[in-house]
Amino acid sequence: MQTDELISRLSQGLTPVRRVMPPLLGALSWLSLAAVLIGVVVLISGLRHDLEQRLMLMHEQVNMVAGLATGTAAAIAAFHLALPDRSERWALLPLPFAAFWVSGLGWGCLTDFVDQGFPALSTSFGCLSFIIAFGVPMTLGMLWMTRHAARIRPGPVAALAGLAAAAIASCGLTLVHHLDAAAMVLIWHGGSVLLVMLLSRRWGPRALRAMGE
């Protein structure tokens, strides 16, 4: 059997391999889609009445930037971990930003306590429902874009996708909804982000495998 004939037989019935999007381009594409979704929400709901005043405060600026940095870093890390040749240490990328974000919210709680005493806490299921309602679809969108990771690292990729989506949703919520106390922001925003991340870690691998089939 000639070499050309052997190659021809071996190549029969093969399907082309889909080229995987580079991680940074994938993260940028997903972030653009998330920004459009948040923009639609802002157009429908309108910006909160005190947004300009609140963004004049340094700690509000820091918290907003830290939340966006957490979501961006988590998205970049997820797309990197979706490739088999990338180090698992990419999972650590969003941790410094997340720690800075949480510490900023904690500092806001301490400042409120010093200025006003222990704040009166109340429920804000609207925050919870907003972050879940927008975080879950954005998580599924990223899982679809990284479905090639179904057989590689489905758990870490799903958890990072949930963190990225929930962090971006939390920042979007800040544009349209205000909580009076920093402790409320920490509890309801932080708790909602954690819940979406845990749901993604629990059910995301199954979704990835289903999408990857």
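Here are the numbers for the structure shown:
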{"read-out": "Spin-label pair residue 19/residue 87, simplified geometry with 7 Å Cα→Cβ offset, distance in nm", "value": "2.8 nm"}
{"read-out": "Net length gained if the chain between residue 61 and residue 48 were fully extended (0.36 nm per residue, minus Cα distance)", "value": "3.1 nm"}
{"read-out": "³J(HN,Hα), Karplus 6.51/-1.76/1.60, whole Hz, each residue of segment 146-161, x for Gly, Pro", "value": "10, 5, 5, 8, 4, 9, 10, 9, x, x, x, 4, 5, 5, 5, 4"}
{"read-out": "Principal axis dimensions, segment 22-78 - Cα atoms, whole angstrom, descending", "value": "39, 27, 11"}
{"read-out": "Stretch gain in nm, segment residue 206-residue 29, where the contour uses 0.36 nm per residue and the Cα spacing is subtracted", "value": "61.4 nm"}
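Computed from the coordinates by the stated procedures, all read-outs in this text should not be read as laboratory data. Just so you know, these numbers come straight off a predicted model, no measurement behind them. Reconstructed Cβ throughout: ideal geometry from the backbone, glycine too, with neighbour counts over all protein chains shown.
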